[in-house]
1. On alpha-carbon atoms, Rg over Rh for segment 2-276 using Kirkwood Rh?
2. Give me the percent of DSSP beta bridges within segment 2-276 that run antiparallel, rounded to the nearest 5.
3. First obtain the Kirkwood hydrodynamic radius of segment 51-117 from its Cα pairs, then insert it into the Stokes-Einstein equation at 25 °C and 0.890 mPa s, and state the resulting D in µm² per second as a whole number.
4. Counting only GluC sites (Glu not before Pro) that are in a DSSP loop and have at most 15 other C-beta atoms within 10 Å, tell me the longest site-free stretch of the chain.
5. What whole-number distance in Å separates the alpha-carbon centres of segment 180-237 and segment 78-129?
6. Residue by residue through segment 251-263, what is 3J(HN,Hα) from phi via Karplus (6.51 cos²θ - 1.76 cosθ + 1.60, θ = phi - 60°)? Round to whole Hz and write x for glycine and proline.
7. Over all alpha-carbon pairs in segment 101-149, figure out the percentage whose distance exceeds 16 Å.
8. Say the cut-off is 29 Å between C-alpha atoms; which of K2/K225; K19/K242; K32/K75; K103/K259; K19/K225; K43/K245 go over it?
Amino acid sequence: MKIIILAENSTHTGSAFLKEHGLSMYFEHGEKRILFDTGASDKFIYNATLLGIDLHKVDTCIISHPHNDHTGGLKSFLEINRNARVVIKSAAQGDFYTKRRHKMIRTGLEPGFFDKYAERMHFFDGFFEVEQGLFAAGIHKYRRQPQYTALMFEKRGESFVQDELEHELFVAISTQEGTVVLTGCAHHGVQNVLLTAEERFGRIIGVAGGFHLGGTIQGKRVVKKEPESEIHAIARFLEDRKIKKVYTGHCTGESAVEKLSVLARGQRMRIGDTLEF
């Protein structure tokens, strides 16, 4: 199968694509056209046009989680595509924030968004078969999550509480060789994502998406960056499970991408790339 990158943090030198801190992928499953996330703006629509992909014909848009670098283009998509359903976790309807230098910055969709587009939404809890052989699923916690999640909060009433990440999902695609996993940011931790996928769907042959290992910039400092030991642990996990195709980028962090390329044959994904599994 093939997955095409429509939005990402990086482009190949000399390309005409528009980059941003965001993620969006497109693929076809049987006769269905699937969009996974919508980047941080409508740039993914422009990039899709350059790639000859008609987003008007997308049947389903799956949203990995409600943060604005994955849903920023959702409104624009719904305006150009009047028929596609949006598959998303029920918990995504919360009010989400990230703490940056002692300030709470909203990272979720604007208030009222889900009410405005209620007829387009398919909310689910736990597990959902999108099409035959194509699944969206919540994530179990087998081990610790990336340190960055300590900065993620949900506003309930007038209080901010730690984000429990119930809004996050991964996609599992069944192929003849095994299962391909797509993840938006893997805030739960990529090992937790893959362990959940393995438990439910069996052998995994590939994974693509952001792994959120690079932390975040607060002022002039990088904070909540995963230690090198964690990157080595992920690489060992990928090797032990014989997961041969590993594509990553977006929130993974350039240093972590480079290490995974050496330790686990990981490949950096960029806008316009076709990922083959």
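1. Over the Cα atoms of segment 2-276, Rg/Rh equals 0.93.
2. 65
3. Translational D for this selection: 186 µm²/s.
4. Numbers: sites that count: E31, E158, E164, E177.
Formally, the longest exposed-site-free interval is 32-157.
5. Spelled out, the Cα-based centre of one part sits 22 Å from the other.
6. 8, 5, x, 4, 4, 5, 4, 4, 5, 5, 5, 7, 7
7. The proportion of pairs with Cα distances above 16 Å equals 68 percent.
8. Working: K2/K225 31 Å; K19/K242 32 Å; K32/K75 21 Å; K103/K259 32 Å; K19/K225 23 Å; K43/K245 27 Å.
Exceeds cut-off: K2/K225; K19/K242; K103/K259.
No lab work stands behind these numbers, since they all come straight from the coordinates. Remember, predicted model here, so these are calculated numbers, not experimental data. With ideal geometry, Cβ positions are generated from the backbone for all residues, glycine too; neighbour counts draw on all protein chains shown.
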